[in-house]
Each structure stands twice: as C-alpha cells, then as structure tokens.
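No lab work stands behind these numbers, since they all come straight from the coordinates. Bear in mind that the values here come from a model prediction, so they are computed numbers and not experimental data. For neighbour counting, all protein chains shown are included, and Cβ atoms are generated from backbone atoms with ideal geometry for every residue, glycine included.
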Amino acid sequence: MNGSALSGCAALVTGASSGIGAATALSLAAEGASVAVVARRTGRLEELATTIRDDGGSCLVLTADLEDAARARRAVADAAERFGRLDILVNNAGYAAPSAIEEADARDWARMVGLNFTAVLHTSQAALPHLLRAAADGPRRVADIVNVSSAAGRRVLRNNSVYAATKHAVGAFSEGLRQEVTGRNVRVGLIEPGLTTTELTAGREVGPVSGLARDSWLHAEDVARSITFMVTQPARAAVNEILVRPTAQEP
C-alpha cells in the first residue's frame, strides 16, 4: 500500500464494480484501508479485489442488488463482521435513465429512486452503529459517510428531472443526517461530480451540456481523489460538500 492515512480502518464502497466506485475502492486501499466492495457483478468485483490484494491490501467481495433493502443492510453487516469494524461508508451505487416525463418508463423511475436514494437510507442507517463505535473508540476518533450525488443535485436539466430529484433528495438527507451525528464525530460528506466518463454515461446524451467533448470530462479517479481527500482530513476538520466539474463545463 502506498499510504497509511487509513491504516487499521475498514471501508464499504457500494457500486464498486466500475467507475467511481472501483476507483474509490482502489484509492482507499492505497491509503491503508481494508475495503469491502459491493455491486451486482461478482466477476468485476473479484477483478478489483485481486488488484487490491496484489498490492498488499485486504478486500471483501459482496454481491448484492442494493434496491433490495434486506440485502443492502446485509452488506453492511457482512463488512463489519469480516473486518470487526466499519469506519467509512461510501454510498456510490446509482442509476440514470434520462428521458422526457411523457416518454419515460416508470420502471426506470423506480430503479433510480430505489438505487440512488432509498438504498442510501438503508445502508446509512445500518452502518451508523458501527460508525459511531469507530468514532468513539477508533484510532482516528472520527468516522465517515460519503454520499455520491451529482451536479444534477444542484441544477435540474431538461429530460433529467427524476434523476435530479433523487440527487436533490440525497443532498437533503445528507445535511439532515450530518446535523444528527456530527456531535458524535461522524462526518457526513456529499460529493457532486459533473460530467464524468463512466459506464453510466457511456454512449448517452446528457442534455444541453452533451456538446462538451468527452475527452474533457472528469475521470472516475478525479472523483475518487475528492472522496479520499474528504475522509483523510484530521478529526477536527469536516469537508461536508465538494462540487467537482470538468474545467470546461458551464451549467
């Protein structure tokens, strides 16, 4: 491992089979954290785990569709049981299906709400007892929840209303939760990426800003660095929100 800022800590990263989640798991592991990774695609997770282990890290693979509340909560329990603790939860799993309301498939709405928002509620609640213990007894004397939202959580664009609604909800939940637990040394952070090259955006038009050349978009690693920056601050410092966009992105 390259760093030691998170040595002795355990992290759970959702939506880790590709993109921001995978990059975040690698980044946290490089700082010394043991990492549990969860997503639906076991093969992808196993490849990620092999990379982390080959670099001297510890990684637990958990296969789950986090739309299922019971499986979301079970993933948290399994990670805490395996590592004996949980210091960091990164809620990254997400789904996007841009469309006009009159043309939309209600099944896409349900999946966006379920994965982008409801899963965040279940994993966060399930993780809180473990995080509070880590904050009280752990070497860092602080624990972290990081919710990956979107620039769409600040500004609604045409044909993206339901996705934006879920991300606005994540922002509101994050601030409310922060106020509940900050006095007990659990930090709640919100990451809001702009246009990012991931599987989620591959081959899709993304509204009025889609004219921005894709080679100028953020990479998953750029967002992962922001998450790692947030959770490696000293216990006295809480970075509660980071909006990170491509330099050339206007809206």
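Looking at the chain as a GNM with Cα springs under 10 Å, which of Gly19, Gly183, Gly171 has the largest mean-square fluctuation?
Maximum fluctuation in the GNM of the chain, among the listed residues, is at Gly183.
Normalised by the residues of segment 1-103, what does the relative contact order come to in percent, with Cα pairs under 8 Å and at least six apart?
It comes to 32 percent, rounded to a whole number.
Of the candidates Thr232, Thr123, Thr14, which one comes out as most mobile in a Gaussian network treatment of the chain with C-alpha springs shorter than 10 Å?
Ranking Thr232, Thr123, Thr14 by mean-square fluctuation puts Thr232 first.
Scanning the chain for helices, which whole DSSP H stretches are 20 Å or more long along the axis (Cα) and average -1.0 or more by Kyte-Doolittle?
Sorted by number, the helices that extend far enough and score high enough are 69-83, 119-137, 161-181.
Taking the chain as a Gaussian network, Cα atoms linked when under 10 Å apart, which of Leu115, Leu89, Leu157 shows the biggest mean-square fluctuation?
Evaluated over the chain, the most mobile residue of the options is Leu157.
How are the C-alpha pair distances of segment 1-140 spread across 5 Å bins, as whole percents from the shortest bin up?
2, 11, 20, 22, 19, 12, 7, 4, 2, 1, 0
What full-extension length gain, to one decimal in nm, is calculated for Arg82 and Ala97 as 0.36 nm per residue of separation minus the Cα-Cα distance?
Gain on stretching Arg82 to Ala97: 1.9 nm.
How far apart, in nanometres, would the label points at Arg41 and Arg214 be if each is projected 7 angstrom from Cα along the Cα-to-Cβ direction?
So the two model labels end up 1.5 nm from each other.
Need the full-extension length gain, Ser7 to Asp54, defined as separation in residues times 0.36 nm minus the C-alpha distance. One decimal, nm.
15.2 nm
Run the numbers on the chain and let me know its relative contact order in percent, using alpha-carbon pairs under 8 Å that are six or more apart. The partial results should precede the final answer.
Working: 503 pairs, mean separation 46.6, N = 251.
Rounded, it is 19 percent for the chain.
What residues have an amide H closer than 5 Å to that of Gly3, excluding those fewer than 5 places away on the same chain, when H is modeled at 1.01 Å from N in the peptide plane?
Residues meeting the criterion, in which the H sits 1.01 Å from N, are Glu31, Gly32.
Using the 10 angstrom Cβ neighbour count as an exposure proxy, how do Val162, Val239, Val231, Val156 rank, fewest first?
On the way: Val162 21, Val239 17, Val231 28, Val156 14.
The most exposed by this proxy come first: Val156, Val239, Val162, Val231.
Mind checking the full-extension length gain between Asp65 and Gln179? Use 0.36 nm per residue of separation minus the Cα-Cα distance, one decimal, nm.
38.1 nm
Determine, at each q value in 0.15, 0.17 (inverse angstroms), the log₁₀ of I(q)/I(0) that the Debye formula gives when each Cα of the chain is one equal point scatterer.
-1.01, -1.30
From zero outward in steps of 5 Å, how is the percent of C-alpha pairs of segment 136-195 spread across the bins?
4, 19, 24, 18, 13, 10, 7, 4, 2, 0
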